[in-house]
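Notes follow once the structure below has been shown.
Since every read-out is calculated from the coordinates, none of them should be taken as a lab result. In this text, all values refer to a predicted model and were calculated from it rather than measured experimentally. No Cβ is skipped: glycine too gets one built from the backbone with ideal geometry, and neighbour counts run over all protein chains shown.
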Amino acid sequence: MQAIRLEPIDCAKWIGTGLLIAAAAFNSLGMYPIGPVVSAVGGVLWTIVAITWKDTALIVTNLTLTSVLVIGLIINLGAN
């Protein structure tokens with residue numbers, strides 16, 4: 001049986017996907033700030049994947065969502 005070998009970008013893709021799924025669960029349970037933090041980390045990983053793939057739509061989507069999450073965290077956590 002041949003072993004499956006994942007490239008580093010594949011690992012980033014699957015870890016990012018898992019983090020985004022977990023973040024959706026955290027957000028739906030109102031777990032702040034862990035939901036947005038996990039979502040931002042997943043978004044960063046997917047932004048890296050998108051840049052590697054040279055996929056403009058994924059770059060714009062993930063960079064925008066990650067930026068919104070980080071700015072929101074800074075505003076909300078800085079206010080406390």
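What list of whole percents do you get for P(r) of the chain, with Cα-Cα distances grouped in 5 Å bins up to the one holding the largest distance?
Using 5 Å bins, I get a P(r) of 3, 17, 21, 22, 16, 10, 6, 3, 1, 1, 0, 0 for the chain.
How far is the Cα center of region 3-24 from the Cα center of region 49-80, in Å?
Between the Cα centres of region 3-24 and region 49-80 lies a distance of 18 Å.
Pairs of Cα atoms under 8 Å, at least six residues apart: use those to get the relative contact order of the chain, whole percent.
Numbers: 73 pairs, mean separation 22.2, N = 80.
Relative contact order here is 28 percent.
Which FRET efficiency value, to the nearest 0.05, do you get for ILE71 and ILE15 by plugging their Cβ-Cβ distance into 1/(1 + (r/R0)^6) with R0 = 22 Å?
Working: r = 23 Å, r/R0 = 1.07.
It comes out at approximately 0.40.
With each pseudo-label sitting 7 Å past Cα toward Cβ, what's the LEU6-ASP55 distance in nm, one decimal?
1.6 nm
By how many degrees, 0 to 90 and rounded to 10, does the Cα axis of helix 56-78 deviate from the longest principal axis of the chain?
30 degrees
Can you put SER28, SER39, SER67 in order, fewest other beta carbons within 10 Å first?
Working: SER28 9, SER39 23, SER67 13.
Exposure proxy ranking, most exposed first: SER28, SER67, SER39.
With each run of n ≥ 4 DSSP H residues scored as -39500 (n - 2.57), what mean residue ellipticity at 222 nm is computed for the chain after dividing by its residue count and rounding to the nearest 500 deg cm²/dmol? Can you show the working numbers first?
On the way: 3 runs with 64 residues, N = 80.
The helix-only estimate for the chain comes to -28000 deg cm²/dmol at 222 nm.
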